[in-house]
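The values are calculated or read from the model by the stated rules, or taken from the named source; none is laboratory data. Everything quoted here is computed from the prediction, not taken from an experiment. Cβ atoms come from the backbone with ideal geometry, glycine included; neighbour counts cover every protein chain shown. Protein only, heavy atoms only, side chains kept; ligands, DNA and RNA dropped before computing areas. Shrake-Rupley method; radii C 1.70, N 1.55, O 1.52, S 1.80 Å.
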Amino acid sequence: MTETPVRDRWLFLTPEAEAELPSAVAALAAALGEPGRAEEEERSSLERIVVDGGYPEWLAYLRERRMLLERYLDRQGEDALSRHVADVLMNHWLLALTVPGQESAAETERSRVGAIVRRLGGLRRR
């Protein structure tokens, strides 16, 4: 069995976000009237990061989606969509704490998403 190169170890984090975020992010952005985040554009962005990018780009992508979620909550309030996105992001950041190389950034984001989760009154398991 071959070992995954250190630079690629973060890739185990991506499947849930790749599957769940494009449509959810497109819905958040549409509700806010923010252009340029159609589902297909989100899928393309994710694919570029996973195939050609690196862990810092992945973390930046997710930070930006957390900020989108915060804007949504400020303007639209809590609903099933916001809870779903918060759940996906929290799952990611908890796992990201296990990836060497960006621990401080991961902890900062986990803390920020944790504040969102508390604002939402916790997450309801699917």
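Two-decimal Rg/Rh of the chain from alpha-carbon positions, Kirkwood Rh? Spell out each step's value before the answer.
Working: Rg = 14.4 Å, Rh = 14.9 Å.
Computed over Cα atoms, the ratio is 0.97.
If we count every other residue with Cβ under 11 angstrom of residue 66's Cβ, Lys/Arg +1 and Asp/Glu -1, where does the sum land?
+2
Given a cut-off of under 8 Å on Cα pairs at least six residues apart, what relative contact order in percent is computed for the chain?
27 percent
Given a 1.4 angstrom probe, I'd like the percentage of the accessible area of the chain that is carbon and sulfur, rounded to a whole number.
That fraction is 51 percent.
With every protein chain left in place, what is the accessible area per residue of the stretch 11-126 in square angstrom, probe 1.4 Å?
49 Å²
Given Cβ point charges of +1 (Lys, Arg) and -1 (Asp, Glu) and nothing else, what value in debye, to the nearest 20, does the dipole of the chain about its Cα centre take?
560 debye
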